[in-house]
Amino acid sequence: MSAEYYSAAAVGLAIIATFVWRFLGVLIYQKVDADSLIMRLINMLAYSLLGAVMMHLMVAPTGLLATSALPHRLAGLLVGLALLALIRKLPIALLGAISTFGILSLLF
């Protein structure tokens, strides 16, 4: 089988897996208390996976991002997180992070 077939199959399976979980969530959302132990566990796991993916992209990127310096990527991340913690506005934090990364990449 060709590589295109495997890629299309992987994307298809990812779509199916995503929508199965979303459909199950729609079915049971009224039956689960948002403050229950299981929901706190699911929330914790979701945030930890997000953090792991973000750090993987920072430390071991692929493609064009791999040509940039690690300190520039980390500086953008830190500025974005600091802005998000200080002003709690995601668009402004994203703009600050991207701007920091872009300026550092252009100047150094």
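A few remarks follow.
- The test for being modelled with pLDDT of 90 or more and β-branched (Val, Ile, Thr) does not hold for Val32.
- Selected residue [hydroxyl-bearing (Ser, Thr, Tyr) and within 16 Å of the chain's Cα centre (by Cα)] from Tyr47, Tyr29: Tyr47
- For the stretch 70-95, filtered to residues that are in contact with a Ser or Thr (Cβ under 7 Å, 6 or more places away or on another chain) and not hydrophobic (A, V, I, L, M, F, W, C), the residue that is surrounded by the most Cβ atoms within 10 Å (Cβ to Cβ) is Gly76.
- Filtering Met39, Met44, Met58 for residues that are exposed (fewer than 13 other Cβ atoms within 10 Å of the Cβ), modelled with pLDDT under 90 and among the aliphatic types (A, V, I, L, M) leaves a single hit, Met39.
- Among the conditions (1) modelled with pLDDT under 90; (2) small (Gly, Ala, Ser); (3) under 30 Å from Gly76 (Cα atoms), Gly25 misses just one, which is (3).
- Restricting the first member to the stretch 83-108 and to residues that are hydroxyl-bearing (Ser, Thr, Tyr), and the second to residues that are outside any helix (DSSP H, G or I), the beta-carbon pairs closer than 7 Å and six or more apart or on different chains are Ser105/Ser68.
- Condition check for Gly25: at positive phi and either surrounded by 13 or more Cβ atoms within 10 Å (Cβ to Cβ) or of a type in the set (Gly, Ala, Ser) (or both): no
- Here is the figure for the stretch 28-53: residues that are over 29 Å from Leu77 (Cβ atoms) and in a helix (DSSP H, G or I) total 3.
The values are calculated or read from the model by the stated rules, or taken from the named source; none is laboratory data. Model, not experiment: these values are computed from the prediction. Positions of Cβ are backbone-derived with ideal geometry, glycine not excepted, and every protein chain shown enters the neighbour counts.
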